[in-house]
Amino acid sequence: MKQTLKWILSIFLTLFILLIGGMTFVYFLSNTRMNRTFPVIEGTISIPTDVSSKEEGKRLFLSRGCIDCHGKNLAGQVFIDDPAMGRFTGTNLTKGLGGLEEKTTDFDLARGIRQGVAFDGRALLFMPSSDFQGMSDEEVGKLIAYIRSVPPVNHQIEQQKVGPLARILFVLGELPLLVSANIINHSVSAPKQVKAALTPEYGRYVAATCSGCHGPEFSGGPIPGAPPDWPHAQNITSTGIGHWTESNFIQAIRTGIRPDGSKIRPPMSWQNLGYMNDLELKAIWLFLNTLPTKTNK
């Protein structure tokens, strides 16, 4: 009996040591990857000053989902708070206390949006820059014009905290959006301008915003980094919406109601995507119809 007990205790002790060693390794490796820095780069980007450009920047801010993390007043907010995944917040983008540093230039903002890198070369956490890396200089300029026009808000955002499950998934390559700067090709330049047109190519350009949740192949499935109670993203290839019409698609985005009468559940922010204009939505529909059939994840 004593020998059996010693054997059981020995197994538990071995497993405990392996667990501690494993978590120490995960913590070290994830910290190394999260704390990666990138060269500080100086540059310029043209920022319009006219009212219509700022209004278009606001529409982009809403329709591209920036509001979900940075809030209506751009002062930042908690968008994930889960013991296993961690606590993640959007940056205060205003000039109030707790907001953007004075040294943050327009070019720094553009780099943060498209490359996930802060003004000092730090990699930003959970900034979905892989969705925006192809955004044109023209649109980024209008977006920044709007950001710069918003009144200062004093708001010290809560410190971000990466939970144990997020660290494990990150190390295993299942949570690349935790540090999108690590998966972006920083040598590729974004286009100066993208002409809005009723084409699948323009639809692909706009739909890049959707890939963070629906995946690079738009086949849906678990949303990377999402708490377990979040629903899976829908498959929006022909497998998932092949029976829809263009009007069904636009109605779902505008009203949050699918053709079968079911409601689109959060975190799908259809209210914000509803700020997309008809041309953008019709172009996305054309693009989605060019996608090969993909099975649900």
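The values are calculated or read from the model by the stated rules, or taken from the named source; none is laboratory data. Just so you know, these numbers come straight off a predicted model, no measurement behind them. Here Cβ is always computed from backbone atoms with ideal geometry, including for glycine, and neighbour counts include all displayed protein chains.
Among the residues here, ALA110 does not qualify as at pLDDT below 95, surrounded by 21 or more Cβ atoms within 10 Å (Cβ to Cβ) and aliphatic (A, V, I, L, M). Scanning the range 108-134 for residues that are closer than 15 Å to HIS186 by Cα, in contact (Cβ under 8 Å) with a residue 60 or more places away in the chain and among the aliphatic types (A, V, I, L, M) yields ALA110, VAL117, ALA123.
So, GLN234, is that one of a type outside the set (Asp, Glu), modelled with pLDDT of 90 or more and more than 28 Å from THR293 (Cβ to Cβ) or not? So GLN234 does not fit the description; no.
For first residues located in the range 185-214 and without any contact (Cβ under 8 Å) to a residue 60 or more places away in the chain, partners that are of a type outside the set (Phe, Trp, Tyr) and not in a loop (DSSP other than H, G, I, E, B) and lie 6+ apart or on another chain with Cβ distances below 6 Å form the pairs LYS192/ASP137; GLN193/GLU138; CYS213/ALA233; HIS214/ALA233. Within the range 140-161, the set of residues being of a type in the set (A, V, I, L, M, F, W, C), within 24 Å of ALA123 (Cβ to Cβ) and surrounded by fewer than 21 Cβ atoms within 10 Å (Cβ to Cβ) comprises just one member, ILE157. Among the residues of the range 73-88, is there at least one that is over 20 Å from the mean Cα position of the chain (by Cα) and either of a type in the set (Ser, Thr, Tyr) or surrounded by 16 or more Cβ atoms within 10 Å (Cβ to Cβ) (or both)? Looking through the range 73-88, none of the residues is over 20 Å from the mean Cα position of the chain (by Cα) and either of a type in the set (Ser, Thr, Tyr) or surrounded by 16 or more Cβ atoms within 10 Å (Cβ to Cβ) (or both).
Annotation note: Cβ proximity below 9 Å between a residue of the range 147-175 that is under 13 Å from VAL26 (Cβ atoms) and a residue that is acidic (Asp, Glu) and outside any strand (DSSP E or B) (sequence gap 6+ or interchain) occurs for ILE168/GLU174. Does any residue of the range 166-186 turn out to be buried (at least 21 other Cβ atoms within 10 Å of the Cβ) and under 24 Å from LEU286 (Cβ atoms)? No, every residue in the range 166-186 fails to be buried (at least 21 other Cβ atoms within 10 Å of the Cβ) and under 24 Å from LEU286 (Cβ atoms). Residues that are hydroxyl-bearing (Ser, Thr, Tyr), within 18 Å of ALA197 (Cα to Cα) and in contact (Cβ under 8 Å) with a residue 60 or more places away in the chain do occur in the range 275-288.
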